[in-house]
Every structure is written in C-alpha cells, then in structure tokens.
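Shown next, in structure tokens, is the structure this report addresses.
The values are calculated or read from the model by the stated rules, or taken from the named source; none is laboratory data. For clarity, every value in this text was computed on a predicted model and none was experimentally measured. Cβ placement follows ideal geometry from the backbone for every residue including glycine, while neighbour counts extend to all protein chains displayed. The protein model used for the area step is the full one, side chains on, heavy atoms only, and it has no ligands, DNA or RNA in it. Shrake-Rupley method; radii C 1.70, N 1.55, O 1.52, S 1.80 Å.
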Amino acid sequence: MKTYTIGRNTSNQIILDDKMVSRQHAQITVFDNGQMIIKDLGSSNGTYVNGNRINEFQLKPGDIVKCANVFLNWQQHINSSNHNATYNASDEINPPTRNVSQNYKEEPHQKEQRLYISSSVSDNLPAMVRNELSTLSAQKQEEFFEEYKRKKKSVALAYILMLPIFFVLHYGYLRKWGLQFLFWFTAGGFGVWWLIDLFRTYGLVQDYNKDVAVDVIRNLKAISHS
C-alpha cells in the first residue's frame, strides 16, 4: 500500500502551487490490489472527482480530480505487456507532476471525448450540448457547469412562486413576461390556467434550462475561439 498526499505544503508528495489549495488538501491511497481511494483532508475549498464534491471516492484511471481550482488527470500505468494483467503491488502508479498548473491543459493523447460533469446534470442537457461539452477540456466543462448553475432555474422555486402569496409569479421567474401579464389580466384563466400550470410548470422549467445550456455552451465556444 502506498499513500500520496496532495496540498500546498512542500511536505506533500504532490504539491499544488495555488493559494486556494489547502496545505494538506487530500490523500490518495493505492492498495496492493491496485484500488485507489482519494480522501479529502478537511480542505477549505473541497475535493472534486468528475465534477462531484467528495469526502472519499474510489478512483479509476482517467478520472479528473479537482482540488480547489487545480485539475489533475489521474493515470495508472501497468508495468506489463499483458493488457489484461491484474493490478499488483509492484505496478507503477504515476500521479500528476508536482506543482501542477491551475490552467490544466490536456495532452494530445488525452483528448478523447469525455464528460467530466456529473451525470445528474449531463442527463438533463440537450444532446447537442453534451456532444459539444465532450470535446472540451475538464476546465472548460467546469466553467460551463458554473455558468449553467448560476443561470438555470429551480423547479421547486417555480412552484413556490405559483402561490398567490408570491403574486403567482412563475412566468416572470422564467422570463416570460408577456405570458405573466396575460396570466394576471385573465386571473389565471379564472383559475383554469393555473390548474393546468400545476402540470406544465415542470416541463416549462426544463425547457428554459435547456435553452440556458445551449446559450452557455455557445458563448463558451465563441470565447474559446476568439
């Protein structure tokens, strides 16, 4: 069993020169059977794997680890010509280079299509957005996720805003002010429209968020090529 500590302090095996990284940020344990476990060491800004914040997680070769603002592509190389060989204690485990730059860039051989954001997010994105994301680096996908999270709307909040105490403001929340004023003017279709919206609002929010995802990916691609 081998242990690698990750952090800003020079006593770590993997040193990340970034002020957002804790002195001792995370720890990776490699067991004799080849299993790799990463554990957050109570860091201030969190440890993430493939876009999800973790306390402890079993790593696979190629997983993207993010410590604060720094991305690491964790690779495992087997000292064997047999590609079907099992992991042994003597297998070579190659962690990322020390002092990894914050501006992580993939090497040419790493540019296979891959989504690094969580499946709970990606499954709700349009296919076009998922395809575009899979061609971007882990850092660009993280930028997409942060902007998308900032702009997307909540289904729960939309339903809360349907209550009279909040002036039945669900259309305004979705930036559909024309429909909002019409809804108010007709008193929600004398209540019928409001009842219909009890079933429609979930879909309206999902459609809004899909449009947001398309706008965010287009803007991100435009900035990348400018």
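This table checks each residue for (1) closer than 26 Å to LEU72 by Cα; (2) surrounded by 14 or more Cβ atoms within 10 Å (Cβ to Cβ).
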| residue | (1), (2) |
| --- | --- |
| SER134 | yes, yes |
| PHE145 | yes, yes |
| LYS149 | yes, no |
| LEU163 | no, no |
| PHE166 | no, no |
| GLY189 | no, no |
| GLY203 | no, no |
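How do the pairs read when you match residues in region 186-208 that are on the phi > 0 side of the Ramachandran plot with residues anywhere that are open to solvent by 70 Å² or more (accessible area, probe 1.4 Å), using Cβ under 7 Å and keeping only pairs 6 or more apart or on different chains?
Within 7 Å, the pairs are GLY188/TRP194.
Starting from residues that are assigned to a loop (DSSP other than H, G, I, E, B) and closer than 15 Å to ASN73 by Cα, keep the ones in region 7-63 and report whichever is farthest from the chain's Cα centre (by Cα).
LEU16
Can you name the condition, by its number, that ASP197 falls short on among (1) part of a helix (DSSP H, G or I); (2) over 19 Å from ASN124 (Cα atoms); (3) charged (D, E, K, R); (4) open to solvent by 30 Å² or more (accessible area, probe 1.4 Å)?
(4)
So which residues in region 188-226 are closer than 11 Å to LYS153 by Cβ and more than 24 Å from the chain's Cα centre (by Cα), if there are any at all?
The one that is closer than 11 Å to LYS153 by Cβ and more than 24 Å from the chain's Cα centre (by Cα): THR201.
Could you count how many residues in region 196-226 are over 20 Å from PHE145 (Cβ atoms) and either in contact with a helix residue (DSSP H, G or I) (Cβ under 8 Å, 6 or more places away or on another chain) or modelled with pLDDT of 90 or more (or both)?
9
I'd like the full set of residues that are free of Cβ contacts under 8 Å to residues at least 24 places away in the same chain and surrounded by fewer than 18 Cβ atoms within 10 Å (Cβ to Cβ), limited to region 1-24.
ASN9, THR10, SER11, LYS19, ARG23, GLN24, listed by residue number.
Just one of (1) open to solvent by 30 Å² or more (accessible area, probe 1.4 Å); (2) at negative phi trips up LEU125, so point out which.
(1)
Just name the residue that is farthest from TYR116 (Cα to Cα) out of those in region 25-55 that are in contact with a His (Cβ under 8 Å, 6 or more places away or on another chain) and open to solvent by less than 30 Å² (accessible area, probe 1.4 Å).
Looking at residues that are in contact with a His (Cβ under 8 Å, 6 or more places away or on another chain) and open to solvent by less than 30 Å² (accessible area, probe 1.4 Å), I get SER43.
From the list ARG150, ARG175, which residue is within 25 Å of ILE217 (Cβ to Cβ) and assigned to a loop (DSSP other than H, G, I, E, B)?
Sole residue among the options that is within 25 Å of ILE217 (Cβ to Cβ) and assigned to a loop (DSSP other than H, G, I, E, B): ARG175.
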